[in-house]
1. Can you pull out the strands (runs of 3 or more DSSP E) entirely within region 1-70 that have at least 2 residues that are without any contact (Cβ under 8 Å) to a residue 40 or more places away in the chain and out of contact with any helix residue (DSSP H, G or I) (no Cβ under 6 Å at 6 or more places or on another chain)?
2. Tally time: how many residues in region 29-84 are within 17 Å of Ile145 (Cα to Cα) and β-branched (Val, Ile, Thr)?
3. Please state which of the following conditions His75 fails to meet, knowing it meets all the rest: (1) modelled with pLDDT of 95 or more; (2) surrounded by 22 or more Cβ atoms within 10 Å (Cβ to Cβ); (3) over 22 Å from Gly140 (Cβ atoms); (4) not small (Gly, Ala, Ser).
4. Here are Gly12, Gly91: which of them is loosely packed, with under 13 Cβ neighbours inside 10 Å and within 23 Å of Arg134 (Cβ to Cβ)?
Amino acid sequence: KIEAGRITISPGWFDLMDLFAALRGMFRPLTDAGSTTLIFEDPPVLPMLYTDDKKLAQILRNFISNALKFTPQGHVRVFAQLEGETHVRFGVQDTGIGIPAELHDALFEDFVQVDSPLQKRLTGTGLGLSICKRFAELLGGTVGINSVVGQGSEFFVVLPVTLAAEDALGQ
């Protein structure tokens with residue numbers, strides 16, 4: 001659907017706390033028994049957001065799921081913060097295995113996966129991050145990564161507080 005341009009954007013006003021509560025509930029069963037702690041930081045006072053909350057939730061679910069997969073022990077932290085006056089940065093930071101710098105650019109391409117001992121026993125298609133990138137672009141935003149091998153990674157998406165009408169209508 002993405003390749004064919006048939007993804008629809010359904011923007012609406014929503015409160016970030018509601019989104020974080022839903023994600024927390026979804027991932028609680030995965031973290032209750034493990035040695036990785038999932039932390040949702042209370043965001044600073046942020047305006048109501050006008051974007052497609054389902055697409056944003058899918059991006060964050062993918063980032064969180066990957067962080068939990070590649071963090072055998074430690075923590076995964078989810079946060080949001082204003083970036084300038086018009087954008088919000090959503091980040092998922094972990095204390096996992098980290099990713100070599102030379103792989104950062106390729107990670108958001110189709111079918112790319114990090115080659116690691118953990119990856120050998122985990123399954124995936126290598127499409128999750130490329131879908132995140134496409135969804136972010138549809139929402140007028142960008143994705144990125146900061147990572148250090150052996151210390152962990154931060155995956156982030158930066159979106160406008162208010163989805164521009166042309167972004168919503170052009171899809």
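1. 36-40
2. Residues meeting the conditions: 5.
3. The failed condition is (2).
4. On inspection, the qualifying residue turns out to be Gly12.
The values are calculated or read from the model by the stated rules, or taken from the named source; none is laboratory data. Note that the coordinates shown come from a computational prediction; the quantities given were computed from them, not determined experimentally. Positions of Cβ are backbone-derived with ideal geometry, glycine not excepted, and every protein chain shown enters the neighbour counts.
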